[in-house]
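Working notes for the structure below.
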Amino acid sequence: MNNAKLGLKENWKQFTLLIIVNAFVGGMIGMERTIIPKFAEIEFGVASKTAILSFIIAFGITKAVTNYFAGKLANRYGRKNLLLFGWFLALPIPFILIHAASWNWVIFANILLGISQGLTWSSTVVMKIDLVGEKDRGLAMGLNEFAGYFAVGLVAFLSGYIAEKYGITPYPFYLGIGISVIGFLLTLFFIKDTRLFVQAESTSNKTEELDNIFIQTSFKNKTLSAITQAGLVNNLNDGMIWGLLPIVLLSMNYDSQNIGVIAAIYPTVWGFGQLFTGRMSDLYSKKKMLFWGMLVQGIAILFIPFAQEFYQLASISAVLGLGTALVYPTFLSAIAQATTPHQRAESIGTFRLWRDLGYALGAIISGITADLFGLNYAIILIGLITIISAVVIEIRMPKDN
């Protein structure tokens, strides 16, 4: 007999543990967020913008592909097993970065990081949705993404501070050793699988099944495909910010600590904002939240080339974080609403495939544009693409969402 009871209150202990675990997942990205472009130039003499951004391309492609298969594998092998294996793959990453003899080792570390993040973040997302049921999905996703991206911002700041005080290597990467070990042990001893909760929800769910989950999520279903293209563009601009913003700040002679502060404000506001926007997506129009979130991001990005002062760049970073906070938990809660419990993991996996391909596309487009025409043109192009994505949401997504 299945005694699983859906709800945030009913499962608060396991839910809280999953939030803590996801904070450690986010911390693994934060370790690299501030320092890798400078690490590339100082340690390996990599100067080309496209070459520097190659680590994001490697990360984005592998994470995207892993996301897609994570949805299928979660149903077959269990959410906890997938989460645990993702942490296992994370364990050697800091050591590879510390001892990297060439830039190719950094690329390899980011391939591992992409696979690890695809498994760990996908698992924690799906497990929380499994636990809470329909009425608290947005809140659940807000809490999940808050934990992950607040940790990204916090560790990005810490790694920048450590790099400024003690050098670019090895000390910032020691953070990654602690994060990966604790994440693995928490998962091994305290996290429980959630497949029974999927069965419990399936008995009352009346959502129509998709005939082809990949095609419907990617292209045909108006709600799912509109969300998916916005997810891709959201991470496309995040890939540009991750790779080019530190380079822009270096060109303005900002030191590692100030770069760390500006780079950290964006994911920190993004993280904290989701404490509120996640719940808002349960109560208000998901379409409007997605439209305004993408529009605010696009406008903020367009202001970057015209900012010079620290407070201007910090303000832009905060506004960009706010726009991202509006869309990030809303993406996942909207997809969960539009799919059946048994198809949800695979549909979310498909969405996350396209969304995280945005990292690679953003790095490729902005890197090539920056090398050919300059940093400012690359930033403006990405800003315009983000605004176009908001228009697509407005035109394509049905009004009743």
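For first residues located in the range 65-90 and surrounded by fewer than 18 Cβ atoms within 10 Å (Cβ to Cβ), partners that are not in a helix (DSSP H, G or I) and lie 6+ apart or on another chain with Cβ distances below 8 Å form the pairs Gly78/Asp193; Asn81/Asp193. Return yes or no: is Ile19 open to solvent by 30 Å² or more (accessible area, probe 1.4 Å), in contact (Cβ under 8 Å) with a residue 12 or more places away in the chain, farther than 30 Å from Asp255 by Cα and not in a loop (DSSP other than H, G, I, E, B)? Considered against the rule, which asks whether it is open to solvent by 30 Å² or more (accessible area, probe 1.4 Å), in contact (Cβ under 8 Å) with a residue 12 or more places away in the chain, farther than 30 Å from Asp255 by Cα and not in a loop (DSSP other than H, G, I, E, B), Ile19 comes out as yes. State which residue is farthest from the chain's Cα centre (by Cα) when the search covers only the range 166-194 and only residues that are open to solvent by 30 Å² or more (accessible area, probe 1.4 Å), without any contact (Cβ under 8 Å) to a residue 60 or more places away in the chain and over 24 Å from Leu83 (Cβ atoms). Only one residue tops the list, namely Tyr166. Is it the case, given these coordinates, that Ile56 is in a helix (DSSP H, G or I), among the β-branched types (Val, Ile, Thr) and either surrounded by fewer than 16 Cβ atoms within 10 Å (Cβ to Cβ) or touching a Cys at 6+ places or on another chain (Cβ under 9 Å) (or both)? Spelling it out, it is not the case that Ile56 is in a helix (DSSP H, G or I), among the β-branched types (Val, Ile, Thr) and either surrounded by fewer than 16 Cβ atoms within 10 Å (Cβ to Cβ) or touching a Cys at 6+ places or on another chain (Cβ under 9 Å) (or both).
Within the range 200-248, restricting attention to residues that are part of a loop (DSSP other than H, G, I, E, B) and of a type in the set (Val, Ile, Thr), the residue that is surrounded by the most Cβ atoms within 10 Å (Cβ to Cβ) is Thr207. Limited to the range 353-371, what total is found for residues that are open to solvent by 60 Å² or more (accessible area, probe 1.4 Å) and more than 24 Å from Phe214 (Cβ to Cβ)? Total meeting the criteria: 2.
Taken over the range 92-101, the criterion of being open to solvent by 20 Å² or more (accessible area, probe 1.4 Å) and β-branched (Val, Ile, Thr) is satisfied by Ile96, Ile98. Would a scan of the range 3-11 turn up a residue that is outside any loop (DSSP other than H, G, I, E, B) and surrounded by 19 or more Cβ atoms within 10 Å (Cβ to Cβ)? Checking the range 3-11: not a single residue is outside any loop (DSSP other than H, G, I, E, B) and surrounded by 19 or more Cβ atoms within 10 Å (Cβ to Cβ). Inclusion of Ala100 among residues that are modelled with pLDDT of 90 or more and within 21 Å of Tyr359 (Cα to Cα) is not warranted.
Here Leu313 passes the criteria (1) open to solvent by less than 40 Å² (accessible area, probe 1.4 Å); (2) in contact with a Ser or Thr (Cβ under 9 Å, 6 or more places away or on another chain); (3) in a helix (DSSP H, G or I) except the one numbered (2). Across the range 249-269, the qualifying residues are those that are modelled with pLDDT of 85 or more and open to solvent by less than 10 Å² (accessible area, probe 1.4 Å), and the one among them that is nearest to Trp354 (Cα to Cα) is Tyr266.
If the condition is being free of Cβ contacts under 8 Å to residues at least 40 places away in the same chain and either open to solvent by less than 30 Å² (accessible area, probe 1.4 Å) or not in a helix (DSSP H, G or I) (or both), then the range 372-401 contributes Gly374, Asp400. Report whether or not Asn2 is more than 15 Å from the chain's Cα centre (by Cα), modelled with pLDDT under 90, of a type in the set (S, T, N, Q) and within 15 Å of Asp193 (Cα to Cα). Yes: the conditions hold for Asn2. Would you check which residues across the range 102-155 are basic (Lys, Arg) and either touching a Ser or Thr at 6+ places or on another chain (Cβ under 8 Å) or crowded, with 24+ Cβ neighbours inside 10 Å (or both) and list them? Once the filter is applied, which keeps residues that are basic (Lys, Arg) and either touching a Ser or Thr at 6+ places or on another chain (Cβ under 8 Å) or crowded, with 24+ Cβ neighbours inside 10 Å (or both), the range 102-155 yields Lys128, Arg137.
The values are calculated or read from the model by the stated rules, or taken from the named source; none is laboratory data. Treat the numbers as computed from the prediction; the structure is a model and nothing was measured. Every residue, glycine as well, gets a Cβ built from its backbone with ideal geometry; the counts of neighbours run over all protein chains shown. Calculation scope for accessible area: heavy atoms of the full protein, side chains included, ligands and nucleic acids excluded. Shrake-Rupley method; radii C 1.70, N 1.55, O 1.52, S 1.80 Å.
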